[in-house]
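Enquirer: Provided herewith is a single structure, encoded as structure tokens, for subsequent inquiry.
Bear in mind these aren't lab numbers, they're just calculated from the coordinates by the rules spelled out. Predicted model only: the values in this text are computed from it and were never measured. Heads up, the Cβs are rebuilt from the backbone with ideal geometry, glycines too, and the neighbour counts pull from every protein chain shown.
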């Protein structure tokens with residue numbers, strides 16, 4: 001029976017892309033990693049560790065109760081104690097940049113999807129594809145286009161982490177009650193006013209749930225992306241695997257869990273406390 | 001009376017390609033045939049009416065009658081399939097989006113059944129929404145909104161959020177939001193239906209109070225006939241997307257256009273709508289002051305009644321004479337009624353609600369004399385006739401026996 005050469009096609013397609021835009025992309029990647037991510041990293045690293053911990057504790061205080069603050073404090077103290085602080089900064093930068101890029105691209109796409117049924121239908125299968133394709137597969141073309149380093153990691157992370165931001169923005173806006181949309185129309189709002197004054201604020205909790213998921217997915221992908229030189233905790237875990245050193249792997253793994261919990265609670269806390277805090 | 005809104009041949013067919021269904025409808029097919037042939041629902045079937053400036057125009061119908069659709073066509077939240085909607089002489093269905101927005105901003109405001117307050121905004125921020133959209137400066141819009149909130153009794157609640165308010169208060173905010181815009185036209189979509197009965201009555205009274213001061217043109221949608229009768233200057237009865245009857249509450253009550261309206265009207269507390277005028281009988285016969293007791297006796301005998309009202313030339317009432325009294329007077333040689341002691345008949349004005357007059361009617365053994373503003377006798381009230389009017393569709397009843 002004839003075997004469809006799907007893999008070959010993809011390879012030749014990627015080869016062609018690599019030939020045409022590869023060098024430009026690699027230059028871009030170098031530039032970004034040197035000037036943006038690198039500087040962000042050194043900037044954060046320049047902040048004394050205890051001050052950064054205090055900043056996190058303060059954020060936790062605003063977002064939740066004292067228990068969250070205490071947990072944040074102890075968790076970050078443990079990471080510092082394990083001498084993982086530089087790695088923590090590295091991971092944090094990767095996660096925040098990936099999540100930020102995902103949100104900056106994803107939320108507008110979600111808004112577009114909510115306003116146009118055609119676009120909504122068009123991207124639905126694409127999003128399914130992005131989410132179900134094993135995450136490792138993204139690493140290969142990212143590696144080819146951008147070379148080793150942080151930029152390909154962020155690239156593949158963005159692809160993996162963006163769908164929830166798109167989907168939940170779309171869903172949130174579609175779920176805005178009809179009568180609230182009618183209020184907007186009946187009082188003569190322009191489409192832009194409708195979006196900013198009614199749809200986005202009402203959809204905000206759902207959108208923030210998407211932001212939260214995007215952050216979590218970013219973190220998990222950043223760990224995987226250590227395979228193409230992302231650095232961070234993932235690199236530590238990878239080292240643990242390579243050296244059969246359970247202890248190192250465990251320490252880095254625990255640090256990932258701590259960071260995950262802090263980011264999750266913080267983003268959740270801020271999305272739900274917006275309204276209730278003012279009560 | 002100026003016509004504020006005029007709706008001509010409004011048709012709304014639901015669906016993406018309503019043109020074929022529209023052609024069938026215009027060719028005279030019924031709603032049911034169209035649904036069968038095309039699968040399209042005719043929401044509004046060729047409805048025309050006009051709303052006068054300063055009146056409360058109630059559109060009354062059950063769910064599915066198309067009343068909400070009509071309201072949403074008036075500000076084009078729904079686009080009519082065909083027909084004309086004139087607001088101040090301008091056909092708003094022909095407007096461009098920008099101009100339509102202007103009309104919505106400046107001429108009409110809407111109050112929603114489920115309040116539809118923006119949950120992320122405070123009471124004050126909700127109330128200013130309409131003006132904010134128009135780009136009115138913050139201080140000015142907030143000042144207007146505060147005034148309107150004060151007017152609906154929400155002074156001091158400006159900084160609360162909607163989820164801190166009760167249903168009645170939420171709808172007050174909804175009303176204040178609409179009033180802040182100072183629109184000519186208020187569109188109220190079952191505005192009080194979601195409130196519990198006591199609060200609903202309170203809000204109805206409040207709306208009537210406000211309306212006396214503001215004199216807006218109000219289109220009010222409801223499925224509650226009592227509400228329609230209480231609020232409406234005129235009521236439009238809607239059924240299955242067609243207009244059955246438009247009239248004042250009294251016209252609806254006393255001469256329903258068909259069985260459907262009649263069935264509706266049957267359950268109504270008529271004493272709240274009907275006035276004395278509606279239930280009185282013609283004051284015939286009467287006798288003049290200058291007539292003698294024997295004339296009175298003869299008239300009573302001829303008409304088979306036991307008492308008769310005595311009026312002067314300008315129909316001012318002077319009292320009542322019974323057969324016994326007239327006989328006595330005749331025996332004692334009195335020649336004209338003005339010389340004898342007449343019974344002081346109980347009187348009532350013609351525009352009093354039957355409900356308010358009921359105690360008086362129940363207590364009085366004598367017929368009541370109904371007076372107009374100039375205190376002329378215009379009718380009489382007989383207990384039996386009142387009961388008949390309340391029980392039936394106001395048809396003429398033979399009550400000659402009831403005063404014996």
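Enquirer: How large, in Å, is chain B by the Kirkwood hydrodynamic radius built from its alpha-carbon pairs?
Expert: 24.8 Å
Enquirer: Run the helix sum for chain A: -39,500 (n - 2.57) per DSSP H stretch of 4+ residues, divided by residue count, reported at 222 nm to the nearest 500 deg cm²/dmol.
Expert: Mean residue ellipticity, 222 nm, calculated: -27500 deg cm²/dmol.
Enquirer: Another question about this same structure. Given the range A:80-182, report the % of alpha carbon pairs whose separation exceeds 24 Å.
Expert: Percentage above 24 Å: 37.
Enquirer: Along the principal axes of its C-alpha atoms, what lengths does the range A:147-186 span, in descending order and rounded to whole Å?
Expert: 55, 13, 8
Enquirer: Using 1/(1 + (r/R0)^6) with R0 = 45 angstrom and r between the beta carbons of residue B:208 and residue B:339, what's the FRET efficiency to the nearest 0.05?
Expert: That gives a FRET efficiency of 0.35.
Enquirer: Restricting to DSSP H runs of at least four residues, report the calculated mean residue ellipticity at 222 nm for chain B, -39500 (n - 2.57) per run over all residues, nearest 500 deg cm²/dmol.
Expert: The helix contribution divided over chain B gives -11000 deg cm²/dmol.
Enquirer: If the viscosity is 0.890 mPa s and the temperature 25 °C, what translational diffusion coefficient in µm²/s does Stokes-Einstein give for the range A:86-262 when Rh comes from Kirkwood over Cα pairs?
Expert: 141 µm²/s
Enquirer: I've got another one for you. Could you sort B:171-181, A:182-192 so that the peptide with the highest average Cβ count within 10 Å comes first and the rest follow in order?
Expert: B:171-181, A:182-192
Enquirer: Highest first, please rank the peptides B:267-278, A:140-151 by the mean number of other Cβ atoms sitting within 10 Å of their residues.
Expert: My ranking of the peptides, most packed first, is A:140-151, B:267-278.
Enquirer: Follow-up question, since we're still on this one. Within a 10 angstrom radius of the beta carbon, how do B:340, A:1 rank from fewest other beta carbons to most?
Expert: Ordered from fewest to most neighbouring Cβ atoms within 10 Å, B:340, A:1 come out as A:1, B:340.
Enquirer: Suppose R0 equals 45 Å; then what is the FRET efficiency for residue B:79 and residue A:105 from their Cβ-Cβ distance, rounded to the nearest 0.05?
Expert: My answer for the efficiency is 0.85.
Enquirer: Give the average over all directions of the projected area of the C-alpha convex hull of the protein assembly as shown, one decimal, in nm².
Expert: Averaged projected area of the protein assembly as shown's Cα convex hull equals 46.8 nm².
Enquirer: How crowded by other chains is B:153-164, given as the mean number of beta carbons from other chains within 10 Å of each beta carbon?
Expert: 1
Enquirer: Can you give the convex hull volume per residue for the Cα atoms of the range B:276-403, as a whole number of Å³?
Expert: That works out to 94 Å³ per residue.
Enquirer: Order the peptides B:305-315, A:193-203 from the highest to the lowest mean number of other Cβ atoms within 10 Å of their residues.
Expert: Per-residue mean Cβ counts within 10 Å order the peptides as A:193-203, B:305-315.
Enquirer: Separate question: Which percent, to the nearest 5, of DSSP beta bridges fully inside the protein assembly as shown are antiparallel?
Expert: Approximately 60 percent, going by the DSSP bridge assignments.
Enquirer: For residue B:259 and residue B:62 in one chain, what is 0.36 nm times their gap in residues minus the Cα-Cα distance, to one decimal in nm?
Expert: 69.4 nm is the gain from fully extending residue B:259 to residue B:62.
Enquirer: Other chains' Cβ within 10 Å of B:73-80 residues: what's the mean?
Expert: Across B:73-80, the average partner-chain Cβ count within 10 Å equals 2.
Enquirer: Please average, across the residues of B:111-121, the number of beta carbons from any other chain that are within 10 Å of each residue's own beta carbon, and give a whole number.
Expert: Rounded to a whole number, the mean comes out at 5.
Enquirer: Right, something else. Need the full-extension length gain, residue B:164 to residue B:37, defined as separation in residues times 0.36 nm minus the C-alpha distance. One decimal, nm.
Expert: Gain in length upon complete extension: 40.7 nm.
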